[in-house]
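What follows is a set of notes on a single structure, which appears directly below.
The values are calculated or read from the model by the stated rules, or taken from the named source; none is laboratory data. Keep in mind the model is a prediction, meaning the values are calculated, not measured. Note: ideal-geometry Cβ built from the backbone for every residue, glycine included; neighbour counts use all protein chains shown. Only protein heavy atoms, including side chains, enter the accessible area calculation; ligands, DNA and RNA are left aside. Shrake-Rupley method; radii C 1.70, N 1.55, O 1.52, S 1.80 Å.
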Amino acid sequence: MPVLIAAVVLVGLLCTLDLVLTLGVIKRLREHTAMLTKVADGGAAPGRPPVIKVGERVGDFSTVSADGEVLTRASLFGDTLVAFFSPNCGPCHEMLPKFVEYARNVPGGRERVLAVVVGTADRAKGQVAELAPVARVVVQEGSDTAVTDAFQVFGFPTLLQVTADAAGQPVIARNHVDLDAPVVAA
């Protein structure tokens with residue numbers, strides 16, 4: 001009889017331990033799901049700032065648009081809407097039509113809109129075709145991270161509003177652009 005009691009107590013302790021471990025795993029899965037959702041919605045990866053801060057200067061970059069135009073930080077004159085998309089990003093595909101409609105109404109036209117598609121040229125061509133009528137489009141491939149580094153972008157989609165500071169340098173005016181709101185200058 002004492003052996004039976006010991007076995008029942010041991011099984012009870014093992015079940016309690018299993019329950020505690022299972023609850024811990026569930027808690028961690030919820031935390032990871034929240035982090036992955038934030039990254040997919042354009043937030044930052046864990047341990048990185050969400051996006052460049054309002055008032056920060058845009059870093060130096062030099063790249064060539066899909067039209068062959070050389071673009072640099074100096075190309076961002078006045079108020080410019082800047083967007084980052086990826087062909088591998090589900091939320092990017094959902095946001096793209098709304099962004100295109102918003103960009104159509106930006107004062108100054110496509111000269112005041114810069115869209116960066118991060119991915120191979122083959123995979124990006126659909127997004128480039130949609131964006132080209134309303135924006136200067138850059139396809140950023142492979143190790144060429146000049147533009148995403150200049151804007152400190154780590155997640156997609158990311159929408160920014162750039163303006164000039166007192167010294168005439170491009171700075172971030174807004175690090176979140178609401179596509180449901182009317183188009184406004186920075």
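About the Cα centre of the chain, how large is the charge dipole given +1 on each Lys and Arg Cβ and -1 on each Asp and Glu Cβ? Please answer in debye to the nearest 20. Don't skip to the end; give the middle numbers.
Working: 16 positive and 19 negative charges, 77 e Å.
Charge dipole, the chain, about its Cα centre: 380 debye, nearest 20.
In deg cm²/dmol and to the nearest 500, what is the mean residue ellipticity at 222 nm of the chain if only DSSP H runs of at least 4 residues count, each as -39500 (n - 2.57), divided by the residue total?
Values: 4 runs with 71 residues, N = 186.
Roughly -13000 deg cm²/dmol at 222 nm, from the helical runs in the chain.
Distance in nm between label sites at E101 and D178, each 7 Å beyond Cα in the beta-carbon direction?
Between E101 and D178, the simple spin-label model gives 1.7 nm.
Using alpha-carbon positions, what is the distance between the centroids of region 138-172 and region 81-103, in Å?
If we compute the Cα centre of each part, the gap is 15 Å.
How much accessible area does E141 have with a 1.4 Å probe, in Å² rounded to the nearest 10?
Accessible area, nearest 10 Å²: 90 Å².
Work through the residues other than N175 whose Cβ is under 11 Å from its Cβ and net out their charges, Lys, Arg +1 and Asp, Glu -1. Please report the intermediate quantities before stating the final value.
Numbers: positive: K53, R174; negative: E56.
So the surrounding residues net to +1.
For R123 and R57 in one chain, what is 0.36 nm times their gap in residues minus the Cα-Cα distance, to one decimal in nm? Kindly include the intermediate steps, with their values, before the conclusion.
On the way: separation 66, 0.36 × 66 = 23.76 nm, distance 3.07 nm.
Gain on extension, R123 to R57, equals 20.7 nm.
Using a 10 angstrom cutoff on alpha carbons, build the Gaussian network for the chain and name the most mobile of A150, A166, A132.
Looking only at A150, A166, A132, the largest GNM fluctuation is found for A166.
Where is the GNM fluctuation largest for the chain (alpha-carbon springs, 10 angstrom cutoff): G168, G59, G24?
Greatest mean-square fluctuation among the candidates belongs to G24.
Express the carbon and sulfur contribution to the solvent-accessible surface of the chain as a percent, rounded to the nearest whole number, probe 1.4 angstrom. Don't jump to the answer; show the numbers that get you there.
Details: 6460 of 10340 Å².
Roughly 62 percent of what the probe reaches on the chain is carbon or sulfur.
Which value, in Å² rounded to 10, gives the accessible area of R57 with a 1.4 Å probe and all protein chains present?
120
By the 4.7 Å beta carbon criterion, which cysteine residues of the chain come out unpaired?
C15
If each residue of separation counts as 0.36 nm, what is the full-extension length gain between R30 and L14 once their alpha-carbon separation is subtracted?
Details: separation 16, 0.36 × 16 = 5.76 nm, distance 2.45 nm.
Extra length from R30 to L14 when fully extended: 3.3 nm.
What is the gain in length, in nm to one decimal, between N88 and S143 on full extension, counting 0.36 nm per residue of separation less the C-alpha to C-alpha distance?
Values: separation 55, 0.36 × 55 = 19.80 nm, distance 1.65 nm.
So the chain would gain 18.1 nm between N88 and S143.
Could you state the orientation-averaged shadow area of the convex hull built on the Cα atoms of the chain, in nm² to one decimal? Mind showing how you got there, number by number?
Working: hull surface 58.6 nm².
It is 14.7 nm².
Over region 91-138, with the other protein chains present, what is the accessible area per residue in square angstrom, probe 1.4 angstrom? Please report the intermediate quantities before stating the final value.
Values: 2210 Å² over 48 residues.
In whole numbers, region 91-138 has 46 Å² accessible per residue.
Can you figure out the FRET efficiency of D165 with A132, using R₀ = 25 Å and their beta-carbon distance, to the nearest 0.05? Kindly include the intermediate steps, with their values, before the conclusion.
Details: r = 30 Å, r/R0 = 1.18.
Working from the Cβ atoms, E equals 0.25.
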